[in-house]
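Only one structure is covered here, and it is reproduced in the block below.
The values are calculated or read from the model by the stated rules, or taken from the named source; none is laboratory data. Values in this document were obtained by computation on a predicted structure and should not be read as measured data. Note: ideal-geometry Cβ built from the backbone for every residue, glycine included; neighbour counts use all protein chains shown.
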């Protein structure tokens, strides 16, 4: 890999990401289009995305948890953050923005054969996240649109940056079958990128963090004006319980229906105001 000078810039970071994607193009496309009986979701995994020292620096640049927003409900328990002007270095901002550059988007379009993708500089539902001991994210499908409801969410790009994290530490990414009965576990491995197609049936989650680690992730989303289906639809982020969580399995669909109905009637949805306002 040809590592550019001044790698800690969004432009050079994007060039390294593109080179890594291009160098594994056939394998990644094969992964994405392979029929996986463990999940209804299409996805690919790319390890060792960046030079190890850069990914370590990204991890070390995560802010202290007291500046994060804390989400704590039956649906999830985790820290989220997108106010990058307050971060310790510009690296968090640059790695996030590198995924939103046209050269990265274009190669993802080619790998997945999905044209006309666009980024989301506002980071609606994106940004960075941190999960500590006991934190989790229950099975859910993502909200179908961006904050303006003019574009459909098409892809999640999840970049994991916690050094030495092991499967036994928990915080593993999970993909589910359509009935949300059996998870396909993907370790949130250091320097690993997971690209997941977003659909009405792309159930995914994060299992409980079981050790005193900081499970850190950089999240980006791609959108398009075209529906991934042959029809128009809308849904809020919709959660259910795990197979052994009977109460959540019962209550989750009711909660989803109430929030979805409220959002359709009022135009107000969860997290709509939690977007990044970039300085000019």
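When residue 125 is tested against (1) under 30 Å from residue 246 (Cβ atoms); (2) surrounded by 14 or more Cβ atoms within 10 Å (Cβ to Cβ); (3) modelled with pLDDT of 95 or more, exactly one condition is not met: (3). Residues of region 34-59 being part of a helix (DSSP H, G or I) and surrounded by fewer than 13 Cβ atoms within 10 Å (Cβ to Cβ), which ones? Those that are part of a helix (DSSP H, G or I) and surrounded by fewer than 13 Cβ atoms within 10 Å (Cβ to Cβ): 52, 53. Exactly one residue out of 188, 227 is touching a strand residue (DSSP E or B) at 6+ places or on another chain (Cβ under 9 Å) and surrounded by 22 or more Cβ atoms within 10 Å (Cβ to Cβ), and it is 188. Residues satisfying the criterion are absent from region 161-171 (criterion: closer than 28 Å to residue 232 by Cβ and either touching a residue at least 12 places away in the same chain (Cβ under 8 Å) or surrounded by fewer than 20 Cβ atoms within 10 Å (Cβ to Cβ) (or both)). With the condition kept exactly as written, say whether any residue in region 83-95 is touching a strand residue (DSSP E or B) at 6+ places or on another chain (Cβ under 7 Å), buried (at least 17 other Cβ atoms within 10 Å of the Cβ) and modelled with pLDDT of 95 or more. Within region 83-95, one or more residues are touching a strand residue (DSSP E or B) at 6+ places or on another chain (Cβ under 7 Å), buried (at least 17 other Cβ atoms within 10 Å of the Cβ) and modelled with pLDDT of 95 or more.
Answer yes or no: is there a residue in region 131-142 that is assigned to a strand (DSSP E or B), over 19 Å from residue 200 (Cβ atoms), in contact with a strand residue (DSSP E or B) (Cβ under 7 Å, 6 or more places away or on another chain) and touching a residue at least 12 places away in the same chain (Cβ under 8 Å). Don't jump to the end; show me each part of the working.
First, the residues of region 131-142 that are assigned to a strand (DSSP E or B): 131, 136-141.
Remaining after also requiring over 19 Å from residue 200 (Cβ atoms): 131, 136.
From the residues that got through so far, the ones that are in contact with a strand residue (DSSP E or B) (Cβ under 7 Å, 6 or more places away or on another chain) too are 131, 136.
In the following step, the residues that additionally are touching a residue at least 12 places away in the same chain (Cβ under 8 Å) were identified as 131, 136.
Yes, there is a match, as at least one residue in region 131-142 is assigned to a strand (DSSP E or B), over 19 Å from residue 200 (Cβ atoms), in contact with a strand residue (DSSP E or B) (Cβ under 7 Å, 6 or more places away or on another chain) and touching a residue at least 12 places away in the same chain (Cβ under 8 Å).
Please enumerate the residues belonging to region 22-32 that are without any contact (Cβ under 8 Å) to a residue 60 or more places away in the chain and assigned to a helix (DSSP H, G or I). Selection gives 23, 26, 27, 30, 31.
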